[in-house]
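Visitor: One structure is given below, represented as C-alpha cells, and several questions about it will come after.
The values are calculated or read from the model by the stated rules, or taken from the named source; none is laboratory data. Every value quoted in this text rests on a predicted model; they were computed, and no experiment measured them. Counting neighbours? That spans all protein chains shown, and the Cβs are built from the backbone with ideal geometry, glycine included.
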Amino acid sequence: MDFLELASARYSCRHYLDASVEDELLSKVLEAGRIAPTAKNNQPQRVVVVQSKEALARLHEATPMARNAPVVLAVGYAPSEASVIAMDSYYDGTYCAGTQDASIVATSMMYEAAELGLGSLWIRGYDTGKVREALDLGDDFELVMLLAIGHPDEEYGPSPMHESRKALDETVMYL
Ligand SMILES: Cc1cc2nc3c(=O)[nH]c(=O)nc-3n(C[C@H](O)[C@H](O)[C@H](O)COP(=O)(O)O)c2cc1C
C-alpha cells in the first residue's frame, strides 16, 4: 500500500475488538513517534501509555471519548524543552512550537498504527483538567491530545464524516 492509499484507508475508529494491542505493535507505534521531526530537534514530546485496567478506568471517569480502546496514548510536550521562537512580531512576543511537535508525533503514530492494521482515534473533546488529574500529569507536561489505539471492530467501519472532504480548490491557494 503506498502512502496515499494508507492515508485514504485510515479512519477514526470508535469501536474496538475486545483484544489487547500486542507489545510488538505498540513498540512500532511508539517508535514512529520517537523518530518524528520536532522544532530544532528538541524532542520535547511526552507520551503516556494508558493501558492498565486501573488507569483506563480513571480515564473513562474523566472522559467517555476513548470508547473501549485497550490503549490510549496521552500525547503532549514538556514546556521546559519545547522550542520557543522569540520576538515574533505577528504574535507580539514569543511562539512555542510544542503543540506542533506533539501533533506531528501523534500523526506519525496514527499512521503507523494504520499501517499495522490497528484502528486509532484522535481525541481532543475532553476536559483538560479532568484528564490531567486522572492521569496525574506533572507540571512540565502540556497535554495536546489523546490517541486511542486498538484492533478495529470491522462491523462498524468509518463514520459518514470520513467520506466528506472539501475539494482541493476550496482549501489550497496558489500564489
Ligand atoms: C484535532 C482533532 C480533534 C478530534 N477530536 C475528536 C474527539 O474528541 N472525539 C472524536 O470522536 N473524534 C475526534 N476527532 C476525529 C474527527 O472527528 C475525524 O478525524 C473527522 O471527522 C474525519 O473523520 P475520519 O478521521 O474518519 O476521516 C478529532 C480529530 C482531530 C484532527
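Visitor: Looking at region 106-127, I want the residues that are touching a residue at least 24 places away in the same chain (Cβ under 8 Å) and have a partner that is surrounded by fewer than 21 Cβ atoms within 10 Å (Cβ to Cβ) and polar (S, T, N, Q) with Cβ atoms under 6 Å, at least 6 apart or on another chain. Which pairs are those?
Guide: LEU121/SER12; TYR126/THR63
Visitor: Output the qualifying pairs, or none if there are none: Cβ atoms under 6 angstrom, residues six or more apart or on different chains, first residue in region 43-67 and closer than 22 Å to PRO152 by Cβ, second residue hydroxyl-bearing (Ser, Thr, Tyr) and at pLDDT 95 or above.
Guide: Going by the 6 Å Cβ cut-off, the qualifying pairs are THR63/TYR126; MET65/TYR126.
Visitor: Then there is this: Considering TYR95, TYR91, which residue is away from the ligand (no atom under 14 Å from the Cβ), over 22 Å from ALA69 (Cβ atoms), assigned to a loop (DSSP other than H, G, I, E, B) and not charged (D, E, K, R)?
Guide: TYR91
Visitor: Sticking with this structure for a sec: Scan region 40-62 for residues that are assigned to a helix (DSSP H, G or I) and crowded, with 18+ Cβ neighbours inside 10 Å and jot them down.
Guide: Listed by number, the residues that qualify are LEU56, LEU59, ALA62.
Visitor: Here are MET161, MET110: which of them is farther than 26 Å from THR38 by Cα and in a helix (DSSP H, G or I)?
Guide: Among MET161, MET110, only MET161 is farther than 26 Å from THR38 by Cα and in a helix (DSSP H, G or I).
Visitor: Among the listed residues SER12, SER20, which satisfies the condition of being over 22 Å from LEU137 (Cβ atoms), within 16 Å of the ligand (Cβ to nearest atom), at pLDDT 95 or above and of a type outside the set (A, V, I, L, M)?
Guide: Of SER12, SER20, the one residue that is over 22 Å from LEU137 (Cβ atoms), within 16 Å of the ligand (Cβ to nearest atom), at pLDDT 95 or above and of a type outside the set (A, V, I, L, M) is SER12.
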